[in-house]
Amino acid sequence: SLGLEGDLPEDFWNMKTRMFAMSGMPSTFTGSLRPNMGMCDYLDFRFYAYWNPGMTGDIGHLKDCTKLEQVLEIFDTAMYGNAWDVALNLPSVQLVYELSLSSYSGLIPSTTVADSDVERWATWCEQKSELHFVVQQEVNGPLPAGLAACSDKFSYFDVSESNITENFPMNFSNNTVLGSQAIILSNNAFTGQIPEVPPHTTAIGLSGNRWSGDLPASWQQAESLTVLDLSNCQMEGEVPSLTPYIEEVDLSNNRFSGLLPDSWKEAISLETIDLSKNDFTGPVIPWGWQGSDFYSGMSNSLVEVYLDPPSWPLRSITLSDNPMGVSVGFMLGLLAMYSLTEIFLANCSLMGFVSNRDLTPNVPLASGGTSTAGGVHLSKLRTLDISNNPAISSFGYTEAAGDPENCWMSVWDSKLPELSELSFSDCTGLQSLPNKVYTLSTLHLEGATNLQLPEVLTDPEVCNERFGTADPLCDDGKQEACLYLSPIYTSSSGNRECGQLVVEVEAGTHPSVQVDPSSFAPETLCRCKAGYEWEEKGYSCSECPADSYATSAMTECAKCPDNATTGSIAASTSLDACSCFAGFFLSNGICEKCPEGTYSSLEGAHSIDACISCQGGKVTDGKGSNSVEACICPAGLTEEVNGNCVKCAQGRYKTWLGNEECLACPILHGVVQLTTLNTESIKESECVCPAGTYVALGDDSCSACLEGMTCAVPNTTEAALSSSGGYAYPMAASGYMTRTEEPMTVYKCWTTSWCPGGPPGTCSHGRDANAVGCGSCPEGTFMRTNGDCTECDNRLVAVYISIAIAGGIIALSALAFIVNKKTATETKSMTNVLIVAALTLTAVQSM
């Protein structure tokens, strides 16, 4: 036990040693047997190799070790080969052959030629005096007949788990060296007669074979052989007899039928019987029938003669999985003859109900009637399993209907005082149980889907109010157990998880009740796992489809909020699985759009912080933008090379959101290039006539501004004079004026000082705005020498009149002079005279 790793050195198997021992190596040790091992020339004592799971090689290489005399033990390794062949070729080994728990396989040598078989194995046996023999190998064939010569030589014989076929050739009845528990033949395929045993045998392994017939005569002498295990042996027909000394018998998983033979009645020490998984019909036990069983169709003639039951000290009987087809009351009444602690009658096609009379043996009296004398009742019974008998209708009532009026709970404590575990699993016909049944330590009700169960409370404190009150299902009982749900969901089945149904007894104990949750409304005990919902029909849960979810607290799936998805994933377990689309964020269970001017490319955002503001003056076309590409320039702006937005220049406009260039205003009638009043224009209608032009009334063209007028800004219109359109209207230029009543008629003024220009009726120095060219002062004023108009003084009126008359005379004189001049005088000179006269008169007025 050195903890070696890897293979052995090349010359390892050539060492000179009389004994070899290697055990307890790790699986990383891969030492292997090799051919032509020099060690075999010296090995004459013992060879041990066990608990070396990585050790390998063909065990056949040991056939050269012919000097080995005492022990050959190789087990729990990875070696392979034919162990029987090695044993046969090492006849000098006297004490132990133990070759097991490895990968041995192959037919046993010398089993095909009968003569050589007998001769060779007989010779092998003759060399032995007392042999411990354990060989486990996948044989797939018989034992050699020659081994019969070793019948008295084996002290231990174990060939279990070897798939050996045909009859067992040895007779151990006269073997005096065989250990009391040294015959182990289980899990093979032996056929024929059950082997003989020596008188001192206490146990023998026979299960898992194909025996037939009755027990051999030698068994009657084996007073210490108390256990008979013929389970899983494919035996059929009548049940084999028993010896008087058998205490435990297991005949399960065969095909036995009929009734137990009389020899069983003599097995006065019998404590345990297992006859499960056979073909028994009827009650199996022929003794103690107390009456006809109407459910099984038994006639009175079969039960008129009462047979006294055996005096077995029986503690446990298992009859499950047999098509018995009798009433459960009949069977329990029959078994009430024994002091049983365990009864297993699952899946036996039992029917009917269990009354209190069925729990007491009723022995017929010669004088008539019955007596319970000599019966032990079922007062020792702790476990009763009558599960999977769909035709059982009730338990705890004297009639099948389970009416509260015929309940017998008042005698429970005397009839079943020790009962602690009761199973009605899959008893689909069971309809009613008294409340007291729920006080048992363990109660199985799985699959009892038609059972009327007590109310399951949600508040354990209410239990105290229920204890001691009348049982609604039993007039003869009180409520001693209270059921409530412990909302700790631990058990899991399929796509649902169930809480624990807690049973509280008045005394404060908590029995275990195992129920099928489908016996209740779906939400009473169970809930669907997160990601699932209750199906519309049935009691199972189906997964939430994509774009929905369900927590464990929900009974149905909820759709993801609008604008959210789980992708292709189904069975989502929370709202968090619903990812808001890019451009949205989760807020109070709703996917809100990112505000205008922001975007988010993140799916599943849980905050508005995920929405990023557009940069460079850009905006978005509404809410819920999902990428930076959604950030664009608004109307009236265009994108620069650096990605920022700038205003459309004057004379250009952009009506839409986008990064495209602004459009130039059109050329009106192919003549005038329109412009805009300002930059950042957002529509074509903002394109107007340019400065220097105006739009006349009733015209849609841009006309050149009139002489003596100014059109200083774009969108100058005649209509603006009446405030009916346009941004500005044409105004008089400096040195010109227009009158209010005819604003588009221009008058040139004598001097620019009188006419500064501007809106209609604009004159300076207080001059009369209605006078042509601002040429006069308003009435009641006079013009001074500087041209200003001043309010008149009344004392000077006469002087002004005189001066005016004088001026008139002068003017007339000048006129006469002009008339009398030569005809050749030009008209122009006359005009000049008149102008001088007028100026003179004006000068007088201004004094």
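The values are calculated or read from the model by the stated rules, or taken from the named source; none is laboratory data. For clarity, every value in this text was computed on a predicted model and none was experimentally measured. Cβ sites come from the backbone with ideal geometry, for glycine too, and all protein chains shown count toward neighbours. For the accessible areas, the whole protein counts, side chains as well, though only heavy atoms, and no ligand, DNA or RNA atoms are used. Shrake-Rupley method; radii C 1.70, N 1.55, O 1.52, S 1.80 Å.
Considering only region 619-630, I want to know if a residue exists there that is open to solvent by 30 Å² or more (accessible area, probe 1.4 Å), in contact with a Phe, Trp or Tyr (Cβ under 8 Å, 6 or more places away or on another chain) and either in a strand (DSSP E or B) or charged (D, E, K, R) (or both). No, because not a single residue in region 619-630 is open to solvent by 30 Å² or more (accessible area, probe 1.4 Å), in contact with a Phe, Trp or Tyr (Cβ under 8 Å, 6 or more places away or on another chain) and either in a strand (DSSP E or B) or charged (D, E, K, R) (or both).
Tallying residues that are open to solvent by less than 40 Å² (accessible area, probe 1.4 Å) and either part of a loop (DSSP other than H, G, I, E, B) or without any contact (Cβ under 8 Å) to a residue 12 or more places away in the chain (or both) within region 568-577 yields 3.
One residue stands out in region 652-693 among those that are touching a Ser or Thr at 6+ places or on another chain (Cβ under 8 Å) and among the hydroxyl-bearing types (Ser, Thr, Tyr): the one that is nearest to Gly597 (Cα to Cα), namely Tyr653.
In region 35-57, how many residues are open to solvent by 50 Å² or more (accessible area, probe 1.4 Å), under 58 Å from the mean Cα position of the chain (by Cα) and within 19 Å of Asp11 (Cβ to Cβ)? Qualifying residue count, region 35-57: 0.
Residues being over 15 Å from Ala728 (Cα atoms) and touching a strand residue (DSSP E or B) at 6+ places or on another chain (Cβ under 7 Å): count how many of those fall in region 688-703. Walk me through it before giving the result.
Just the residues of region 688-703 that are over 15 Å from Ala728 (Cα atoms), to begin with: 698-701.
Retained after the next criterion (residues that are touching a strand residue (DSSP E or B) at 6+ places or on another chain (Cβ under 7 Å)): 701.
Residues flagged as over 15 Å from Ala728 (Cα atoms) and touching a strand residue (DSSP E or B) at 6+ places or on another chain (Cβ under 7 Å) within region 688-703 amount to 1.
From the list Val239, Val197, the lone residue that is within 25 Å of Thr176 (Cβ to Cβ), in a loop (DSSP other than H, G, I, E, B) and among the hydrophobic types (A, V, I, L, M, F, W, C) is Val197. Scan region 704-714 residue by residue and report those that are more than 17 Å from Gly757 (Cα to Cα) and open to solvent by less than 30 Å² (accessible area, probe 1.4 Å). Pro714, the sole residue that qualifies. Checked against the criterion of being more than 23 Å from Leu33 (Cβ to Cβ), open to solvent by less than 40 Å² (accessible area, probe 1.4 Å), of a type in the set (Lys, Arg) and over 53 Å from the mean Cα position of the chain (by Cα), region 111-124 contains not a single residue that satisfies it. Only a single criterion out of (1) in a loop (DSSP other than H, G, I, E, B); (2) at pLDDT below 90; (3) within 21 Å of Pro472 (Cα to Cα) is not satisfied by Leu430, namely (2).
Sub-8 Å Cβ pairs linking a first residue in region 211-224 that is open to solvent by less than 70 Å² (accessible area, probe 1.4 Å) to a second residue that is of a type outside the set (A, V, I, L, M) and assigned to a helix (DSSP H, G or I), at least 6 apart or interchain, number zero.
How many of the residues in region 583-611 are over 34 Å from the mean Cα position of the chain (by Cα) and either open to solvent by 80 Å² or more (accessible area, probe 1.4 Å) or among the charged types (D, E, K, R) (or both)?
Applying the first criterion (over 34 Å from the mean Cα position of the chain (by Cα)) to region 583-611 yields 595-598.
Subset that is either open to solvent by 80 Å² or more (accessible area, probe 1.4 Å) or among the charged types (D, E, K, R) (or both): 596.
Looking only at that region, the number is 1.
Can you confirm whether region 252-271 contains a residue that is in contact with an Asp or Glu (Cβ under 6 Å, 6 or more places away or on another chain), at positive phi and surrounded by fewer than 21 Cβ atoms within 10 Å (Cβ to Cβ)? Yes.
Can you tell me which of Leu8, Leu2 is assigned to a loop (DSSP other than H, G, I, E, B), out of contact with any His (no Cβ under 7 Å at 6 or more places or on another chain) and either surrounded by fewer than 16 Cβ atoms within 10 Å (Cβ to Cβ) or modelled with pLDDT of 95 or more (or both)?
On the way: Leu8 fails: either surrounded by fewer than 16 Cβ atoms within 10 Å (Cβ to Cβ) or modelled with pLDDT of 95 or more (or both).
Selected residue: Leu2, the only one of Leu8, Leu2 that is assigned to a loop (DSSP other than H, G, I, E, B), out of contact with any His (no Cβ under 7 Å at 6 or more places or on another chain) and either surrounded by fewer than 16 Cβ atoms within 10 Å (Cβ to Cβ) or modelled with pLDDT of 95 or more (or both).
Restricting attention to region 543-567, the residues that are open to solvent by 40 Å² or more (accessible area, probe 1.4 Å) and outside any loop (DSSP other than H, G, I, E, B) total 2.
Pull up region 683-703, narrow it to residues that are hydrophobic (A, V, I, L, M, F, W, C) and surrounded by fewer than 17 Cβ atoms within 10 Å (Cβ to Cβ), then point me to the one that is nearest to the chain's Cα centre (by Cα).
Initial filter on region 683-703 (hydrophobic (A, V, I, L, M, F, W, C)): 687-689, 691, 695-697, 702.
Those still in the list that are surrounded by fewer than 17 Cβ atoms within 10 Å (Cβ to Cβ) too: 691, 696-697.
Numbers: Ala691: 76, Ala696: 80, Leu697: 80 Å.
If we take residues in region 683-703 being hydrophobic (A, V, I, L, M, F, W, C) and surrounded by fewer than 17 Cβ atoms within 10 Å (Cβ to Cβ), then Ala691 is nearest to the chain's Cα centre (by Cα).
Going by the structure shown, is Pro26 farther than 25 Å from Ser162 by Cβ, surrounded by fewer than 17 Cβ atoms within 10 Å (Cβ to Cβ) and free of Cβ contacts under 8 Å to residues at least 24 places away in the same chain? No. Considering only residues that are closer than 16 Å to Gln615 by Cβ, in a strand (DSSP E or B) and open to solvent by 50 Å² or more (accessible area, probe 1.4 Å), which ones fall in region 631-676? Of everything in region 631-676, just one residue is closer than 16 Å to Gln615 by Cβ, in a strand (DSSP E or B) and open to solvent by 50 Å² or more (accessible area, probe 1.4 Å), namely Glu639.
Of all residues in region 741-773, those being open to solvent by 30 Å² or more (accessible area, probe 1.4 Å) and farther than 23 Å from Glu791 by Cα number 10. Within region 156-168, take every residue that is more than 54 Å from the chain's Cα centre (by Cα) and buried (at least 18 other Cβ atoms within 10 Å of the Cβ) and give me the one that is farthest from Phe133 (Cα to Cα). This residue is Phe168.
Among all residues of region 473-481, there is none that is without any contact (Cβ under 8 Å) to a residue 60 or more places away in the chain, part of a strand (DSSP E or B), within 30 Å of Glu533 (Cα to Cα) and open to solvent by less than 50 Å² (accessible area, probe 1.4 Å).
Yes or no: Thr372 modelled with pLDDT of 90 or more and touching a strand residue (DSSP E or B) at 6+ places or on another chain (Cβ under 9 Å)?
Working: modelled with pLDDT of 90 or more: no; touching a strand residue (DSSP E or B) at 6+ places or on another chain (Cβ under 9 Å): yes.
So Thr372 does not fit the description; no.
Pairs meeting the criteria (first residue in region 607-619 and within 23 Å of Trp656 (Cβ to Cβ), second residue aliphatic (A, V, I, L, M) and exposed (fewer than 12 other Cβ atoms within 10 Å of the Cβ), beta carbons under 8 Å, at least 6 apart or on different chains) are lacking.
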